[in-house]
Amino acid sequence: MASTSSSSVSEPPTNSEPVPADSVQEIHPGEDEDLAAKPEVLRWWEAVPAVEKVDENVGVPKQPEVYKWWENSAGESTVTVKWKTLEHNGVLFPPPYEPLPSHVKMRYDGKELDLPPAAEEVAGFYAALIESDYTQDAGFNENFFRDWQTVLQKHPPRDGIEVTNLQLCDFRPIFEYFEAEKAKKKAMSAQEKKDMKKAIADLELTYTTCLFDGREEKVGNFRIEPAGLFRGRGEHPKRGCLKYRVQPEDVTINIGGNAPIPVPNVPGKWKEVIHDNTVTWLATWTENVNGNHKYVFLVVGSSLKAQSDMLKFEKARELKASHGHIGRIRTTYDVDLKSTVLADRQRATALCFIDKLGLRVGEEEHDADVDTVSCCSLCCVHVRLEAPNFVVFDIIGEDSIRYYNRVPVEVQVFENIRIFKENKSDEDRLFDYVKKADLNEYLQTEMKGLTATVFRTFNASSTLQRLLDENDLRSANLQEKLNAYNKASHEVAILCNHRRAVPPSRTHAQATEQNKLRSLKYDRMQLRRTLFKVDEKFRGTKEYMDNESDMNDEWTASHEEAMKTGDVENTEGLAEDGEKVSVLRDRIAEIEAAYPALEQERGTDADFKRAKLAEKIQETIGELDEEIKARKLRIIDRKEAMEIALSTSKINYFDPRITIAWCKIRDVPVEKVFSQSLRLKFAWALEVEGDWKF
DNA sequence: CTCACGACTTAGTAGAAGCGTG
DNA sequence: CACGCTTCTACTAAGTCGTGAG
């Protein structure tokens, strides 16, 4: 499957290939020293056998000898101990609200509104967003306004105005004040900025690290989340609700029994101080909007997190290792697809989706929140069948990201879906006999520690390995190598459905492309018209009927205006349009110039010339068509590429050793592929042999 | 034996930082 | 040296999964 034997791996290419001058290849000499100069990186993995060996006889993995203190001799049901000693300085609360200067007042129904600080603060949260998409959303607005009104009730405007209608609120004065403040900050000198940063760093210094079993470790999110408006994704029913300011009274501190208890940086007392060494968090509080728990943990690069990260990949590798777990599991579910027990058949089908399509397991129900779905929560509407063997998924998945996939499936899977959908309505569960817990319980029996998510890790990592192996890149330059890596990442990201919103700056570039395309279409239209004038007979022919669909009068008019003023290049970004197009444009100009002379001419000679011209026009239209088609495809391609988020799989699903080994074999500096923070996170993997395989 | 809850991982986004360029 | 674009990091929302209470 994914792995090829190491003997088939190409020799590392010699590094003598010609490299274009612009593709920077040298590693910055300071770079390595930089890493080495950071003694903070605890090399916990060195004390440890890197790979967890599996006992062949029992099939039970031995615990790796990392920090044996959390190994507990007392057997399986005992909770694990995560630390012996823990010292830290608690969390950092944001500074109290600072009222706006007295000249900054929002308006209500045209009149200035004199708000007490508490109400003004909430108005400010909204004001900051008035030019964003959030405030275009009725649900967001409704929730905000209701919560704000509650605050206003307690802290009414000092001038007695009653705020009853969001439409009458004008937050712009506050917004503009914020903008001005931002501009002021931006205009500060480099030194001032530096000083300010230093001051913040000093203030935060005591919070950034803790003593975890006596080792210094970095604390992750020690800053308490500031109050604000809840930015739930998609159609989250609570979007726009007011998230309260967190007080010491809300926060529970978890710390070693002998450690000094930190003092909050704002007035107040901790809700509680506990000494629970079975958990890894340093502090927790409950957020008011959804009642979710928030935790303060160590940073991702901490040894604690890194170890569990490594264990995750070891688990995924175990799935495919010599015992052939994955082969056996797949064979079993293939058989179970035909099981006479409906529950088994459903489970096998669900498992097939999780394995082959990378679906998440999908919780059954989370308190009527958003209706995002995944495998176990699939309803009949979400899955359509298309004969002969296609299944079409169209669902709103995690983070309200749409998952649309039309895939061919085995006959048995197709048949099963048909059966499961029988006599059910759209909103009924497709897998009504499968619960997430059952599925994971079943997986446990197949392999200890196996859960649905392991399939995602396993499939992402093994696919990456396979794709990278496909191309030895012997004669490629650095950029080509990086492109190959990104292409492989891209494919995995699609498998995992990792998507992102396209930032506005990019949509602008898209618009430029779109304009170039339209201007080509305009040329085509003009050519067609000339062709009809040269010879009426073409008017009726099918291939010249097309009216270049997306060209409306408005655009045509503005385009023609731009051409008159000679401003096409500037307004439509046509300047750097490539040689091919300029050759075509020259031809078009020739044609348009040739026609008027012919217009009044009659006789056989003229007919001949007309026929010749018509031929030339047809030819040119043909070439234009090709160019238009190519550009259309490129636009679609680029758009799709922009929507795919490559980082998520790199951070969470790719065993870093795959990438690092690839870098070594292909002679690519690791820092071209892993950013500083990823190199920190994956420090444990940076020393693998060149031919390491997932 | 459920199921709600607690803890921890996975996820997209906003904004800061970096960077080539006119 | 401001500008526009890309990349990186911080932030926090939204999942998963095991467990412990009832």
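The values are calculated or read from the model by the stated rules, or taken from the named source; none is laboratory data. Please read all numbers here as calculations on a predicted model, not as lab measurements. Heads up, the Cβs are rebuilt from the backbone with ideal geometry, glycines too, and the neighbour counts pull from every protein chain shown.
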Report whether or not residue A:251 is buried (at least 17 other Cβ atoms within 10 Å of the Cβ) and away from DNA strand B (no atom under 12 Å from the Cβ). yes
Here's a check for you: in the range A:484-530, which residue that is more than 13 Å from DNA strand B (Cβ to nearest atom) and among the basic types (Lys, Arg) is modelled with the lowest pLDDT? A:516
Qualifying residue in the range A:406-428 (condition: more than 21 Å from residue A:336 (Cβ to Cβ) and in a strand (DSSP E or B)): yes
Can you name the residue in the range A:452-490 that is free of Cβ contacts under 8 Å to residues at least 40 places away in the same chain and within 25 Å of residue A:311 (Cα to Cα) and is also nearest to DNA strand C (Cβ to nearest atom) among such residues? A:488
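Residue by residue, here is whether (1) more than 10 Å from DNA strand C (Cβ to nearest atom); (2) of a type outside the set (Lys, Arg); (3) more than 29 Å from the chain's Cα centre (by Cα) holds:
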position	(1), (2), (3)
A:158	yes, no, yes
A:185	yes, no, yes
A:194	yes, no, yes
A:202	yes, yes, yes
A:234	no, yes, no
A:242	yes, yes, no
A:249	yes, yes, yes
For the structure I just gave you, tell me whether residue A:257 is away from DNA strand B (no atom under 12 Å from the Cβ) and outside any strand (DSSP E or B). yes
Under 7 Å between Cβ atoms, which residue pairs at least 6 apart in sequence (or on different chains) link something in the range A:606-627 that is of a type in the set (A, V, I, L, M) with a partner that is outside any helix (DSSP H, G or I)? A:614/A:535
Tell me, please, whether a residue that is surrounded by fewer than 16 Cβ atoms within 10 Å (Cβ to Cβ), among the charged types (D, E, K, R) and assigned by TED's automatic domain parsing to the domain that holds residue A:250 can be found in the range A:320-328. no
Kindly check whether there is at least one residue in the range A:665-677 that is of a type in the set (Val, Ile, Thr), farther than 27 Å from residue A:693 by Cβ and within 27 Å of the chain's Cα centre (by Cα). no
Name the residues in the range A:308-350 that are under 24 Å from residue A:373 (Cβ atoms) and of a type in the set (Phe, Trp, Tyr), would you? A:333
If I ask for residues that are at pLDDT 80 or above and in a helix (DSSP H, G or I), which ones from the range A:627-650 would you list? A:641, A:642, A:643, A:647, A:648, A:649, A:650
Suppose we filter the range A:177-236 for residues that are among the aromatic types (Phe, Trp, Tyr), assigned to a loop (DSSP other than H, G, I, E, B) and within 14 Å of DNA strand B (Cβ to nearest atom); how many remain? 1
Filtering the range A:274-300 down to residues that are within 10 Å of DNA strand B (Cβ to nearest atom), part of a loop (DSSP other than H, G, I, E, B) and of a type in the set (D, E, K, R) yields A:276
Among A:117, A:94, which is in contact with a strand residue (DSSP E or B) (Cβ under 8 Å, 6 or more places away or on another chain), farther than 15 Å from residue A:175 by Cα and surrounded by fewer than 20 Cβ atoms within 10 Å (Cβ to Cβ)? A:94
